Structures are given as structure tokens and as C-alpha cells.
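Undergrad: Before anything else, here's the structure in question.
Rule-based calculations on the coordinates, nothing more; no lab input. All values reported here derive from a predicted model rather than from experimental measurement. All Cβ positions, glycine included, derive from the backbone under ideal geometry; neighbour counts span all protein chains shown.
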Amino acid sequence: MAKIELALISVTDKDGIVPFAKTLQGLGVEILSTGGTARAVREGGVPVTDISDYTGFPEMMDGRVKTLHPKVHGGLLGLRDNPAHREMMEKYGIKPIDLVVVNLYQFEKTVAKEGVTLEEAIENIDIGGPAMLRSSAKNFRDVTVIVDPADYAIVLKEMEENRGETTLETRFRLAAKVFRLTHEYDGAITQYLETVKP
């Protein structure tokens, strides 16, 4: 893997995200972000590019569509050592996204609330987050993916020790963590939907 140069950050749990982003900035990493995360990072004094400015499309449909775009997923899934992938990325202005920091809408907390409606539950099913996580984890050879703030320090330490890179072992471990999370997340949605009627 090459040096991490571009990160995409979109988190529900914003604990520690501003200091993490500041350290990334200090390591020369450019940051893409969405909605409330972009606002929090920017207010923390870290320059950030809104994902809508990068893709050329606004966040739309009440936030349902933000990151479901070829410039995002091409940047996550493109194989850096595949000349055809590189050519396609260059042709369509797709930047390689080297680091993804995403945690998901808190579906389980939402459905645990007294009197929650089916409509509220449905709106708290994250679509773009799991898609980005799965794309990143699938391409762990080229992309570092973080779903847990507890992993911020580990990733930063490796970047500082390895001239901006992370190790394959860490990327693989973090990828496995993604698939465990998305499995559990889908399980929670399934369990809830089996108890309600439309």
C-alpha cells in the first residue's frame, strides 16, 4: 500500500473525530466528508471537502443519497496495481480513497426507544455507510477502514511509524471487523422487522 493521501470520514459517533482529523491533516492527508461530520471537523479547525463538491452531486432525498456514487466507490474498489483500473480512474476523475472512517446510524438504539414507529426505524437503516465499509474492506490491500474509534490510535501510530502507511496485517484485521459489524447490523434489522407489521 502507498502513503495514505485521501480519507473519507462519515461518522455518527463523533467522539475523538476532530483530534483524529487534525492528526491526519498534520500527516498531509486530504479529507472528504459528509453533512454533520464535515461540519464538526470544519468547526474543529480542519479543512474538509464536502463529498457533494467532490462528486458534483448534492446530498439528496433527505440525506438518503450522499455517498452512493462511482467517484466514491470507484475510489474505494479500484485496484491500485491494475493498469485498467488506474486508467478508468484517471478517465473519470476518480481519486483513490486510502482511508475510510465510518460508523453507522444507530438502528438498535432507535428501535429500543419507547413508541418508535416503523417509519422512524426504516429511516435509521444505514445504506451508504455499510456500502462504503464493504467496498473498503473488500479492497483491504489498498484501503484502511475504521469502524471503531478505539482503532484511531493504532492507525495513526502505524502511519507515523511507516511514512503514512498502515500494515497489511492491520488492514486485514480492520476489514474483518467491518464484516462482523455489518453482519450484526443486518441481523439487528432482520430481528426487528420480523417483529413488526407494515
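Undergrad: Roughly how many whole Å is it from the C-alpha centroid of segment 163-189 to that of segment 62-93?
TA: 20
Undergrad: Please list 3J(HN,Hα) in residue order for segment 141-157, calculated via the Karplus relation 6.51 cos²θ - 1.76 cosθ + 1.60 where θ = phi - 60°; whole Hz, with x for glycine and proline.
TA: Result, rounded to whole Hz: 5, 10, 10, 9, 10, 10, 10, 10, x, 5, 8, 4, 5, 4, 5, 4, 4.
Undergrad: Another question about this same structure. If we count every other residue with Cβ under 14 angstrom of Ala38's Cβ, Lys/Arg +1 and Asp/Glu -1, where does the sum land? Don't jump to the answer; show the numbers that get you there.
TA: Details: positive: Lys14, Arg39, Arg42, Lys66; negative: Glu30, Glu43, Asp50, Asp53, Glu59.
Net of charged neighbours comes to -1.
Undergrad: Related question: For the peptides 37-43, 109-115, 162-168, what is the packing order when you average, over each peptide's residues, the other Cβ atoms within 10 Å and list the highest mean first? Intermediate results must be reported in sequence, preceding the final value.
TA: Numbers: 37-43: 18.0, 109-115: 10.7, 162-168: 15.4.
Averaged packing, sorted descending, gives the order 37-43, 162-168, 109-115.
Undergrad: Same structure, new question: Treat every Asp and Glu Cβ in the chain as -1 and every Lys and Arg Cβ as +1, leave all other atoms uncharged, and give the resulting dipole magnitude about the Cα centre to the nearest 20 debye.
TA: Values: 24 positive and 30 negative charges, 82 e Å.
Using Cβ point charges on Lys, Arg, Asp and Glu, the chain gives about 400 debye.
Undergrad: Taking the Cβ of Leu27 as the centre, find all other residues whose Cβ is under 12 Å away and add up their charges (Lys, Arg: +1; Asp, Glu: -1).
TA: Details: positive: Lys3, Lys22, Lys157, Arg163; negative: Glu5, Glu30, Asp98, Glu158, Glu160, Glu161, Glu165.
So the environment of Leu27 carries a net charge of -3.
Undergrad: Just list whichever of Lys14/Lys66; Lys22/Lys109; Lys22/Lys66 have alpha carbons separated by over 21 Å in the model shown.
TA: Table pairs above 21 Å Cα-Cα are Lys22/Lys109; Lys22/Lys66.
Undergrad: Residues with beta-carbon under 10 Å from that of Ile51, excluding Ile51: net charge, scoring Lys, Arg +1 and Asp, Glu -1?
TA: Values: positive: Lys66, Lys71; negative: Asp50, Asp53, Glu59.
Its environment carries a net charge of -1.
Undergrad: If I take every Cα pair under 8 Å that is 6 or more residues apart in segment 6-193, average their sequence separation and divide by the length, what percent do I get for the relative contact order?
TA: On the way: 263 pairs, mean separation 39.1, N = 188.
It rounds to 21 percent for segment 6-193.
Undergrad: Could you order the peptides 88-95, 135-142, 175-182 from most to least packed, using the average number of other C-beta atoms within 10 Å per residue?
TA: Details: 88-95: 14.1, 135-142: 20.5, 175-182: 17.1.
Packing proxy ranking, top to bottom: 135-142, 175-182, 88-95.
Undergrad: Hey, what's the Cα Rg ratio for the chain versus the globular rule of thumb, 2.2 N^0.38 Å? Provide the component values of the computation, followed by the final result.
TA: Numbers: Rg = 17.0 Å, N = 198, 2.2 N^0.38 = 16.4 Å.
Dividing the Cα Rg of the chain by 2.2 N^0.38 Å gives 1.03.
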